[in-house]
Amino acid sequence: MAISRADLFRGRFRSEPVSSEAPQALEARIGAACLSYTGTDCRICGDHCDRGAIRFRPLGRGRSLPIIEAGGCTGCGDCAAVCPVKAVTMEAAVA
């Protein structure tokens with residue numbers, strides 16, 4: 001049985017029987033604790049996003065703000081796992 005990294009991260013690998021309900025879709029959200037909001041250049045979440053869903057909008061003077069592209073996030077959680085201040089969280093996707 002092969003286990004994907006995303007399933008392992010989300011805790012889907014269990015010995016108990018899995019319910020028949022479909023798992024809820026997740027999307028990344030960037031909170032106010034993000035280093036880029038405080039003026040520190042940190043792009044580690046964007047570097048780890050394989051889909052390129054996290055872009056950075058330049059503000060000038062070396063500052064930029066992270067933006068999650070609509071529909072681009074797959075909910076893999078790679079960006080949340082590497083955030084040094086845990087500003088990126090995985091939340092229920094808005095339909």
Task: Relative packing of peptides 74-82, 34-42, 56-64 - highest average C-beta neighbours within 10 Å first - done: 74-82, 34-42, 56-64
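If R₀ is 35 angstrom, what is the calculated FRET efficiency for the pair residue 91 and residue 38, using the beta carbon separation as r and rounding to 0.05? Mind dumping the intermediate values first?
On the way: r = 22 Å, r/R0 = 0.62.
Rounded to the nearest 0.05, the efficiency is 0.95.
Viscosity 0.890 mPa s, temperature 25 °C: Stokes-Einstein D of segment 28-95 from its Kirkwood Cα radius, in µm² per second? Walk me through the intermediate numbers first.
Values: Rh = 12.0 Å.
Approximately 204 µm²/s, per Stokes-Einstein.
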Task: Residues of segment 24-93: accessible area per residue with a 1.4 Å probe, Å² - done: 58 Å²
- [ ] Provide the FRET efficiency to the nearest 0.05 for the residue 24-residue 57 pair, computing r from the beta carbons and using R0 = 35 Å.
- [x] 0.75
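The values are calculated or read from the model by the stated rules, or taken from the named source; none is laboratory data. Because the structure is a prediction, the values reported are computed rather than measured. Virtual Cβ from ideal backbone geometry, glycine too; neighbours counted across all protein chains shown. Remember, those area values only see protein heavy atoms, side chains included, never the ligands or the DNA or RNA. Shrake-Rupley method; radii C 1.70, N 1.55, O 1.52, S 1.80 Å.
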